[in-house]
1. Looking at the range 494-516, which of its residues are farther than 12 Å from Val404 by Cβ and in contact with a Leu (Cβ under 6 Å, 6 or more places away or on another chain)?
2. Open to solvent by 30 Å² or more (accessible area, probe 1.4 Å), basic (Lys, Arg) and without any contact (Cβ under 8 Å) to a residue 12 or more places away in the chain: which single residue out of Lys268, Lys304 fits that description?
3. Mind checking which pairs have a first residue in the range 213-229 that is β-branched (Val, Ile, Thr) and a second that is open to solvent by 40 Å² or more (accessible area, probe 1.4 Å), Cβ under 8 Å, 6 or more apart or different chains?
4. Can you tell which of Glu137, Glu126 is more than 26 Å from the chain's Cα centre (by Cα) and more than 15 Å from Leu78 (Cα to Cα)?
5. Among Leu257, Leu182, Leu207, which is of a type in the set (A, V, I, L, M), open to solvent by 10 Å² or more (accessible area, probe 1.4 Å) and under 24 Å from the mean Cα position of the chain (by Cα)?
6. Residue check, Ile145 against (1) open to solvent by 50 Å² or more (accessible area, probe 1.4 Å); (2) in contact with a Leu (Cβ under 7 Å, 6 or more places away or on another chain), all met but one. Which one?
7. Only residues that are touching a residue at least 60 places away in the same chain (Cβ under 8 Å), in a helix (DSSP H, G or I) and touching a Phe, Trp or Tyr at 6+ places or on another chain (Cβ under 6 Å): list them for the range 320-360, please.
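The values are calculated or read from the model by the stated rules, or taken from the named source; none is laboratory data. Just so you know, these numbers come straight off a predicted model, no measurement behind them. All Cβ positions, glycine included, derive from the backbone under ideal geometry; neighbour counts span all protein chains shown. For accessibility, only protein heavy atoms count, side chains too; no ligands or nucleic acids. Shrake-Rupley method; radii C 1.70, N 1.55, O 1.52, S 1.80 Å.
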Amino acid sequence: MKYVLVTGGVVSGLGKGVTASSIGLLLKACGLRVTSIKIDPYLNTDAGTMSPFEHGEVFVLDDGGEVDLDLGNYERFLDIKLTRDNNITTGKIYQSVIDKERKGDYLGKTVQVVPHITDAIQEWIERVAKIPVDGQEGPADVCVIELGGTIGDIESMPFIEALGQFSYRVGPGNFCLIHVSLVPVLNVVGEQKTKPTQHSVRGLRGLGLTPNILACRSTKALEENVKAKLAQFCHVPAENIVTLYDVPNIWHVPLLLRDQKAHEAILKGLNLGVTREPDLKEWTARTIVFDKLHDPVRIAMVGKYTGLSDSYLSVLKALLHASVACHRKLILEWVAACDLEDMTAEETPDVYKAAWDCLKGADGVLVPGGFGDRGVQGKILAAKYARENNVPFLGICMGMQIAVIEFARSVLGLHDANSTEFDPDTPNPCVIFMPEGSKTHMGGTMRLGSRRTYFNVADCTSAKLYGNVSFVDERHRHRYEVNPNMILQLENAGLLFVGRDETGQRMEIVELPGHPYFVGVQFHPEFKSRPGKPSALFLGLIAAACQQLETVLHDPGLLRKSVTNGMANGHSPVRAYKNDGTIKSSNGTVNGVYSNGNGMHLERNW
C-alpha cells in the first residue's frame, strides 16, 4: 500500500479537500486504484450533531456514516463508496482507546497520547486503507489521506506525531507528503510573497514531516523566481512545486495538476514509475462543456442555511451535474425561507419583496432538507407557489414533508395540519416521529444510510427518470416521516405516493399527477450524484425547468452521453451576469455557479 498525505498551512479554507480529490482522480486516471481517508481533529465522534453553519453540510454514506463534506468530494471525483471509518476524528480515536483501556487490553499500563493514541491512529489508517471502495476485490493501490485543519493547530498534534511515525515506518518509497500552502499577492506591491509558505514548511519539518511536493494556492500561476525561492528555502525541488491558481470551477483542478506533471512527481515519490499518462478525456470534455454553457436555468433554493453555501454543498453539486447534462448554465437564487413569511413583510418589506421576486423569477424551486421550525412557513409558501403555478418543484427530506403539509392545508382544508416536529400537539399530524427514533440521544439515532425504495406506480415520472427500474437504493437522514394513517386521505385528494419502503408503510416518493414536475422524496438523492452521472431526480428538475423533461423521460442517458462526447451549445464562456443591476462573478465558494449572493460568504474560488 502506498500513502499520499495532504496537509495545509498558513490559513484554513485553501481547498485541501479539492486538492486531495483531484490527486486521487489523477492517480486513478493513471490506472491505479485509489481510496481516501479524511482526518478531522475535532472531539466530536462524527459530524452528525454539528450545525451546518459550524462545519458545512453533513455528508451521509451508504453505511449510515455522518461524515465531513470532504468525503463527498472524494466520492464525486473518484466515483467510489466510502465507509464511516474513512473519516477519522479525535473523538473516535480516544473513544476506541478508552474502550480498550476499560476492557483491560493495555494490561495495566499507563495509557498515554504516545504511544497509545498515536498507535491507534496508525492502526486505524492501515486497517481502513485496505477496505475496497471501488466495487472490486482486494485493497487499493494508493490511499490519499487528508489532514484537516492547519499545521500548528494544537488539536491536530497527536495526528501529526502519528503520521510522522507512520511515514518512517512504511518507508520513504511508500509515503508522499503534499503540503497545500498560500502564496498571497499583496495589493500594495503586487508581488507574490513566499514567507508564509516558508514558515509553514519550517513548522511542518519541525514536527517531523518533510514535504515532497508543494501545492501553492495563489490568484495566478507562480512566477519562476518565486518557485526558485520556495525550492531554495523549503528544500523541495522546483519541479515538485505546483501552482493551484484561481479557476472558474473546481473541475479544472485535476487538469492543472496534470499539466504541471504532478502525477509524475507523486509516482516518483512512491516508487511506482510512470504507469501510463493520465486518461482524463471525459473529464476534460465535461469541463469544456461547463465553461461554454450560456443558456441559463434559474433555480430558487428555499432553505434555512442560505448564509453559507457549504451547508447545501451536495445539493449544489447535484444541481450543477444536472445542469451540465442539460447544457444549461445554472443560476442559483438563494432564498432564505423566513424572508418569504408575513413577519418579514411587516419588519423588512424590501427583503420580503426581493425574496418573492427571486422565487417568482425562477424556472424551478428546490426545498432541501433541514431541522427545526425556523423558516418552515416560508418553505410551505414556496411549495404552495410551485404547486399552484405549475413551477417544477423538488422537495428533499423535510422538503417532501413540507409539500405534504401544504397539500393537506390547501387542498384537504386541514388548516392546522402540521408535523409533530413543529407542533407536537397538532390535531392533524401529517408528519410524525419515527417509532424507532430516540428523543434523548441525538448522535447517530436517525434513520441513516442506504435504504431501498420500491416503486408501486410503474408509470410515474420518478420511475421513468431512474430508467424504469422496480426499486432504487438511496441514502437517508431523518427522524420524521409522513403519517401512514393519512395516506388514503391525501391520495384520494390527488397526491400520489409512488415510492415506499419494503413494508409499504413508509412513504419515500410523492408526486402530483398533472403537474409539470412536482416531486418530493424522503431520501437525499444529492449524495449519490456524480459528474457525468447526475442524480435522476435533479436531472428531472432541471430538465423540467428548461422544457426538456419529455426528452429525458424517453431516454434518460441521452443528455449525459452528449456531455461526455464534448458537445455543447456553442456559446462562448460567460463569467458574470446582472441581477438587480449588480454584476455577480462566477467565482466564489459556489464553484462557478452563478448565484445571487444573498447572504453568501464568497471566500474562495474553489
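1. Selection gives Pro513 alone.
2. Numbers: Lys304 fails: without any contact (Cβ under 8 Å) to a residue 12 or more places away in the chain.
Every option except Lys268 fails the conditions.
3. From residues that are β-branched (Val, Ile, Thr), the pairs are Thr219/Val185; Thr219/Tyr245; Thr219/Asp246.
4. Values: Glu126 fails: more than 26 Å from the chain's Cα centre (by Cα).
Just one listed residue meets the conditions, Glu137.
5. Numbers: Leu257 fails: open to solvent by 10 Å² or more (accessible area, probe 1.4 Å); Leu207 fails: under 24 Å from the mean Cα position of the chain (by Cα).
Going through Leu257, Leu182, Leu207 in turn, the sole match is Leu182.
6. All conditions pass for Ile145, except number (1).
7. Ala322, Val324
Every residue, every condition in (1) assigned to a helix (DSSP H, G or I); (2) touching a Cys at 6+ places or on another chain (Cβ under 9 Å), yes or no:
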site	(1), (2)
Phe233	yes, no
Trp251	yes, no
Pro278	no, yes
Trp283	yes, no
His294	no, no
